[in-house]
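> Quick one: the structure is below, and I'll ask about it shortly.
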Amino acid sequence: MKMLRNFLPLFAGLLLVPRPALAMHISEGILPAGWAIFWFVMAAPFVAWGVRQINRRKNADPSYIPLIGIFGAAVFVFSCFPIPVPVAGSTAHPAGTGMAAIFLGPFASVVVAFISLLLQALFLAHGGLTTLGGNTFSMGVMGSLSGYGAFRLGRLLRLNLFWSGFLAGVTADLVTYFGTSFEMALALHGTKPFLSVLGQIYLAFMPTQIPLSILEGAVTGGMIVYVQKHRPDILRKLKVIGEVAK
Amino acid sequence: MRRSLVALSMLLSLFMAAAATGQEDEKPKWPGVDETVVEKYAKELGREARAPFFDTDQGDLLLFLFTLAGAIGGFSVGYYWHKMFVAGRKDRED
């Protein structure tokens, strides 16, 4: 309960930020038709596998459903509210997929990201329907898999839960933006060298994203420590703890 | 641990308070990276964003939809949080 009270300012703050999003998703119409279709095709198997992972886990353990509720809504909210970064003078948002990948599974996290992005494109003029495949691939697939991989690597390196989660949050955020840059550079570099365009776009994200990724890492690490303290059985079921030292 | 969580909550609240007051003007003081990076580079590379297929950016509609989305998202997190970490924890202790 004390923890809940600590987070009350956060949730109250969320309700005070009903602003049109100024965000990182690739906007409607930016990807040419061929590339838009290509990224849909690339993202589709991960979404399908994610639906399978959700069904399997839900059938094996009914307590998985509330977890989907928490982290599904969290990814939706995280990925559409803008946070100003004073050092950069611009706003962006975290991805939340690193955290979702740890608690829900990396492929289930892709589904959560896909649904969040679809709702944002339909109702919040945020991202786009033609760029949904590209955005799902960068935020959902790349963000979730890299975040999950970073967390597992952290555990293998015997980092404690907080720092493993921190690594997952930072990695998921930075890799998501790398994905966005990669998709844009691939589709739009034209006669310019691909790597040069990729580098320019990715570097332009960095002043805003580095502080935000640190924030996302701290939130992810804090969340895992909280769950470990209050419901360690969840982490055991997810095989997050038990196999290596806490 | 508790102290660091309080500090983190306060930091987040500060960020969000700044977000709530940072975009009053017609042209936002804090443009998003979609504008400063994605659309800027796309334009330089010969591609411009088009209006969304479902253009909810009309009047206060978008503001309303964001409020609604924030409220639904917040309630959903709170509801399942309670189920998992308050009721669920009590069930385990009983």
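All of the numbers you see were taken from the coordinates with simple rules; none came from a lab. Just so it is clear, the model here is predicted, and its values are computed rather than measured. Every residue, glycine as well, gets a Cβ built from its backbone with ideal geometry; the counts of neighbours run over all protein chains shown.
> Taking only pairs six or more apart or across chains, which ones have beta-carbon atoms under 9 Å, a first residue in segment A:213-234 that is closer than 21 Å to residue A:172 by Cα, and a second residue that is part of a helix (DSSP H, G or I) and polar (S, T, N, Q)?
Listed by first residue and then by second, the contacts come to A:213/A:171; A:217/A:171; A:218/B:4; A:221/A:164; A:222/B:4; A:224/A:164.
> Restricting to segment B:57-77, name every residue that is within 7 Å of chain A (Cβ to nearest Cβ), of a type outside the set (Phe, Trp, Tyr) and either at positive phi or assigned to a helix (DSSP H, G or I) (or both). So that I can check it myself, show each step before the final result.
Initial filter on segment B:57-77 (within 7 Å of chain A (Cβ to nearest Cβ)): B:57, B:62-63, B:65-67, B:69-71, B:73-74, B:76-77.
Adding the requirement that they be of a type outside the set (Phe, Trp, Tyr) leaves B:57, B:62-63, B:65, B:67, B:69-71, B:73-74, B:76-77.
Correct list: B:62, B:63, B:65, B:67, B:69, B:70, B:71, B:73, B:74, B:76, B:77.
> Which one of the conditions (1) within 12 Å of chain B (Cβ to nearest Cβ); (2) surrounded by 20 or more Cβ atoms within 10 Å (Cβ to Cβ); (3) under 14 Å from the mean Cα position of the chain (by Cα) does residue A:214 fail to meet, given that it meets all the rest?
Going through the list (1) within 12 Å of chain B (Cβ to nearest Cβ); (2) surrounded by 20 or more Cβ atoms within 10 Å (Cβ to Cβ); (3) under 14 Å from the mean Cα position of the chain (by Cα), residue A:214 breaks only (2).
> Out of segment A:74-102, which residues are under 16 Å from residue A:136 (Cα atoms), more than 10 Å from the chain's Cα centre (by Cα) and surrounded by fewer than 24 Cβ atoms within 10 Å (Cβ to Cβ)?
A:77
> Scan A:128, A:133 and give me the residue that is in a helix (DSSP H, G or I) and either crowded, with 24+ Cβ neighbours inside 10 Å or not polar (S, T, N, Q) (or both).
Details: A:128 fails: in a helix (DSSP H, G or I).
When all the criteria are applied, what remains is A:133.
> Condition (residue is more than 13 Å from every other protein chain (Cβ to nearest Cβ) and in contact with a Phe, Trp or Tyr (Cβ under 6 Å, 6 or more places away or on another chain)) applied to segment A:188-204: is it met by at least one residue? Before the answer, list the steps.
Applying the first criterion (more than 13 Å from every other protein chain (Cβ to nearest Cβ)) to segment A:188-204 yields A:195.
When the remaining residues are screened for being in contact with a Phe, Trp or Tyr (Cβ under 6 Å, 6 or more places away or on another chain), the result is none.
No: segment A:188-204 contains no residue that is more than 13 Å from every other protein chain (Cβ to nearest Cβ) and in contact with a Phe, Trp or Tyr (Cβ under 6 Å, 6 or more places away or on another chain).
> Can you find a residue that is hydroxyl-bearing (Ser, Thr, Tyr), part of a loop (DSSP other than H, G, I, E, B) and without any contact (Cβ under 8 Å) to a residue 40 or more places away in the chain anywhere in segment B:47-56? Break it down stepwise before answering.
So in segment B:47-56, the residues hydroxyl-bearing (Ser, Thr, Tyr) come out as B:56.
After this cut, where a residue has to be part of a loop (DSSP other than H, G, I, E, B) as well, the list is B:56.
Subsequent filtering for residues that are without any contact (Cβ under 8 Å) to a residue 40 or more places away in the chain retains B:56.
Yes, there is a match, as at least one residue in segment B:47-56 is hydroxyl-bearing (Ser, Thr, Tyr), part of a loop (DSSP other than H, G, I, E, B) and without any contact (Cβ under 8 Å) to a residue 40 or more places away in the chain.
> Let me ask another. Kindly provide the set of residues from segment A:152-171 that are more than 16 Å from residue A:222 (Cα to Cα), in a helix (DSSP H, G or I) and not basic (Lys, Arg), ordered by number. Reasoning before the result, please.
Going through segment A:152-171, the residues more than 16 Å from residue A:222 (Cα to Cα) turn out to be A:152-153, A:156-158.
Right, trim to in a helix (DSSP H, G or I) and you get A:152-153, A:156.
A:153, A:156 - these are the residues of segment A:152-171 that are more than 16 Å from residue A:222 (Cα to Cα), in a helix (DSSP H, G or I) and not basic (Lys, Arg).
> Okay, moving on. Examine segment A:163-179 for a residue that is surrounded by fewer than 17 Cβ atoms within 10 Å (Cβ to Cβ), in contact (Cβ under 8 Å) with a residue 60 or more places away in the chain and within 11 Å of another protein chain (Cβ to nearest Cβ), and state whether such a residue exists.
No.
> If you don't mind, another one. Looking for whichever is within 11 Å of chain B (Cβ to nearest Cβ), crowded, with 20+ Cβ neighbours inside 10 Å and either in contact with a Lys or Arg (Cβ under 7 Å, 6 or more places away or on another chain) or farther than 23 Å from residue A:43 by Cβ (or both) here; the options are A:221, A:154. Which one fits?
Working: A:154 fails: within 11 Å of chain B (Cβ to nearest Cβ).
So the residue among A:221, A:154 that is within 11 Å of chain B (Cβ to nearest Cβ), crowded, with 20+ Cβ neighbours inside 10 Å and either in contact with a Lys or Arg (Cβ under 7 Å, 6 or more places away or on another chain) or farther than 23 Å from residue A:43 by Cβ (or both) is A:221.
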